Amino acid sequence: MMSRSILEKAKAADLRPQSLAIKRVRAVVDRARRLFKRRERPADAEAERCFRSMEESIERQDWAAAKGHALLLGDLGERIGDTGLMKKAGRALRRLHGGNRTWQLIAASKRVPGKLEWDGGDLAGKTLLVDRRAGDLAIFFQFASLLAPAVNAGERCVLIVEPRLASLYRRTYPTLDVRIEGDEKPETLQADLYAGFETLAVHFWPDDPCEHSPFVPLQPDRQLAAELRSGYLARGHGPLIGFAWGSLNQAKDLPALEDWKDLLGLLPGQLVSLQYGDVGAAIAEFERYAPGRVIHDASVDQLSDMDRFAAQIAALDLVVTISNTGANLAGALGVPTIILLDDGFRLSWPAFGDSVDAYPYVQLVRKGGRPWRFAMRDAADLAKRKIETGYHGR
């Protein structure tokens, strides 16, 4: 029932970005709420100081200092057995290029008591069960490549997956035993060893990038992707560029609709909406910026049919999007993607740099303290370079 209500909310949402004034009011209210509802702090004074120092370093964007404090916090969490501290430290390190230590800490914080966690040992003749344990939908995209070595190493690998992603995983890994979240609980399935996605990362993403397991893109329905592509190109010449602009997360600082004017106007080809929710007003606005070139395909509903959404993304030459589920799916499909990031400390993306380890074909464009229009122009320039070097009218 809860999942259905969230989907209905997303479908009906007006996702036009809010004004800066509204966001400032919201920020003041949120700050007041935090003052009256302080997060629980560990009793240990050292943890208190370390956590506060990490937060202050992040506020200053002193990433080296923040990483050092996060590492100390993680070590302390391990020493005193505080999984909450390990989780906070690991999540911070994920954004601070913390290497394998990131996954060690998050994996340790998500271990299931009474289940034998895989320690990286020989899987020959054994069954390994993998599930997300905690995390949003993006976790299934960010770690998708790690199923390849797990499937190849053991007798049997079982993955418990969000229902909308089952077809994608079965198509990508034919020998993977895909089970559906909600239909079966991990404790009812027989396995020799258990792992969360971060446990796989501990063993398959070491500190040396040269030793990382290779990227394995998720496999869409290729026939459907070809059909969608053919239909879009029938409306006009390529390239096909997907874009998305709205989010239910009101904490994000998003480009206003008018900020998309230069970007959409400068890009060639057909512009395909990848946005969920009520998009009518936004599409009408975008039509003014790129007359006759904006495509909204009502047959694609990512909230109910993720496999068709994956085929739609795979039909494109390039994606330009804010941070959302579609950005992660495009990255996991191996479609060239530009992600527009605000200046927040976002969970899914590194705090600095323009690349993402999990997605070799993704490039980040940051707001960087500027008005959004300048970042959008940077994104347009980058998109044109990608199109010029990578588009061959396929």
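Couple of notes before you dig in:
- For F140, the solvent-accessible surface computed with a 1.4 Å probe is close to 0 Å², ligands and nucleic acids excluded.
- Expressed as a whole percent, the accessible surface of the chain that belongs to carbon and sulfur atoms is 51, based on a 1.4 Å probe.
- Kirkwood Rh and Cα Rg combined as Rg/Rh, region 270-394: 0.94
- Computed about the Cα centre, the dipole magnitude for region 235-394 is approximately 360 debye when only Lys and Arg (+1) and Asp and Glu (-1) carry charge, each at its Cβ.
- Lys/Arg +1, Asp/Glu -1 at C-beta; the chain dipole; positive extreme among G231, I322, G265: G265
- Prolate/oblate/rounded call for region 193-341, Cα gyration tensor, a/c under 1.5 rounded: prolate
- Take the Cα of H97, step 7 Å toward its Cβ, do the same at E59, and the gap between the two points is 2.5 nm.
- Read-out Cα extents along the principal axes in Å, derived from the coordinates shown; its label in (1) 59, 49, 37; (2) 79, 62, 39; (3) 61, 51, 44: (3)
- Positive-end residue of A284, F309, G369, charge dipole of region 280-394 with Cβ unit charges: G369
- The equivalent ellipsoid of region 217-296 has semi-axes of 23, 18, 11 Å, largest first, where each one is the square root of 5 times an eigenvalue of the Cα gyration tensor.
- Summarising the label geometry, the points placed 7 Å from Cα in the beta-carbon direction at N152 and E184 lie 2.5 nm from one another.
- Rounded to the nearest 20, the Cβ-based charge dipole of the chain about its Cα centre (Lys and Arg +1, Asp and Glu -1) stands at 1100 debye.
- Computed label-point distance, nm, for sites S230 and C210 using a 7 Å Cα→Cβ extension: 4.6 nm
- Accessible area per residue (1.4 Å probe, heavy atoms of protein chains only) ranks H296, H212 as H296, H212, with the largest value leading.
- Order by protection proxy (mean Cβ within 10 Å, highest first), peptides 194-201, 262-269, 181-188, 336-343: 194-201, 336-343, 262-269, 181-188
- The gain in end-to-end length when the A256 to R346 segment is fully stretched comes to 30.5 nm, 0.36 nm per residue minus the alpha carbon separation.
- Value of D in µm² per second that Stokes-Einstein yields for region 257-320, Kirkwood Rh from Cα pairs, at 4 °C (1.567 mPa s): 104 µm²/s
- Relative to the compact-globule estimate of 2.2 N^0.38 Å, the Cα radius of gyration of region 156-203 comes out at 1.15.
- Listed residues Q219, A358, A148: farthest to the positive end of the dipole of the chain (Cβ charges): A358
The values are calculated or read from the model by the stated rules, or taken from the named source; none is laboratory data. Nothing here was measured: the structure is a model prediction, and the numbers come from that model. Because the Cβ atoms are built from the backbone with ideal geometry, glycine has one as well, and the counts that use them run over all protein chains shown. Side chains are part of the model used for accessible areas, which takes the heavy atoms of the whole protein and leaves out ligands, DNA and RNA. Shrake-Rupley method; radii C 1.70, N 1.55, O 1.52, S 1.80 Å.
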